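> Below are the structure tokens for one structure; questions will follow.
The values are calculated or read from the model by the stated rules, or taken from the named source; none is laboratory data. Because the structure is a prediction, the values reported are computed rather than measured. Reconstructed Cβ throughout: ideal geometry from the backbone, glycine too, with neighbour counts over all protein chains shown.
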Amino acid sequence: MSPGDAGEMHARPGLPRLGSVVGESYRLVKILGAGGAGTVFEAEHLRLPRRFAIKVLHPGPDGRAHARFRREAETIAALHHPHIVQVFDYAATAQGAPYMVMELLEGETLLERLRRGQMPIGQVVELLAQTADAVAAAHQHGVIHRDLKPENLFLRRRSDGAIDVQVLDFGSPRSSASRSRRPATASSSARRATPRPSRCGATGR
């Protein structure tokens, strides 16, 4: 991301600036990605030696977007699965912009990996099994992802060098109980708007 792009994002009214503190605990140190609906920051905790990804919803008058964003945070936080990105907190900035605090992941999306060429069949089978297990766990909690695709599957590099998959960006998750009553719809623009950087939490993106 160029300095010009970062400056343009900082000019957006209501968006926190790099170096500012949100939630009295998280200092924003880097922009990981941005789209029409939100911006993902890397943040350092002020009292603990740990960094997080913070996804901030761009300010706007649409109360439904705020409700969807909060529902996404609540849904992911409740799942507690080793292959679903963790959400630790949800709140709003001093300017009123909602944000969620997520696990900071090291690696790349499946889409980015596939652009470099074929993957070993054994690794593909293992990653598919992990993805299926995560989706099944979400279904057991009555949650349908609705936007499962390579850019929403993050290949995390673990400390031991191994690769595992993290399911990202549930967006506006749907309860399976409502599936028979309402027709399927296209994925929300908020999910498509946030690009997936090589170091990310969620996004947004």
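> Quick check on Ala177: is it in the same structural domain as Arg116 (by TED's automatic domain parsing), within 18 Å of Gly122 (Cα to Cα), of a type in the set (Gly, Ala, Ser) and at pLDDT below 90?
In short, no.
> Counting just the residues of the range 79-114 that are of a type in the set (Ser, Thr, Tyr) and out of contact with any helix residue (DSSP H, G or I) (no Cβ under 8 Å at 6 or more places or on another chain), which one comes out nearest to Asn152 (Cα to Cα)? Spell out the reasoning first.
Going residue by residue through the range 79-114, those that are of a type in the set (Ser, Thr, Tyr) are 90, 93, 99, 109.
Within this subset, residues satisfying the condition of being out of contact with any helix residue (DSSP H, G or I) (no Cβ under 8 Å at 6 or more places or on another chain) are 93, 99.
Details: Thr93: 26, Tyr99: 19 Å.
Among those that are of a type in the set (Ser, Thr, Tyr) and out of contact with any helix residue (DSSP H, G or I) (no Cβ under 8 Å at 6 or more places or on another chain), it is Tyr99.
> Among the residues of the range 70-104, count how many are closer than 21 Å to Val21 by Cβ, at pLDDT 85 or above and either of a type outside the set (Ser, Thr, Tyr) or in the same structural domain as Arg146 (by TED's automatic domain parsing) (or both). Walk me through it before giving the result.
Step one: filter the range 70-104 for residues closer than 21 Å to Val21 by Cβ, giving 73, 87-104.
Keeping just the survivors that are at pLDDT 85 or above gives 73, 87-94, 96-104.
Applying the additional criterion that residues be either of a type outside the set (Ser, Thr, Tyr) or in the same structural domain as Arg146 (by TED's automatic domain parsing) (or both) yields 73, 87-89, 91-92, 94, 96-98, 100-104.
Total meeting the criteria: 15.
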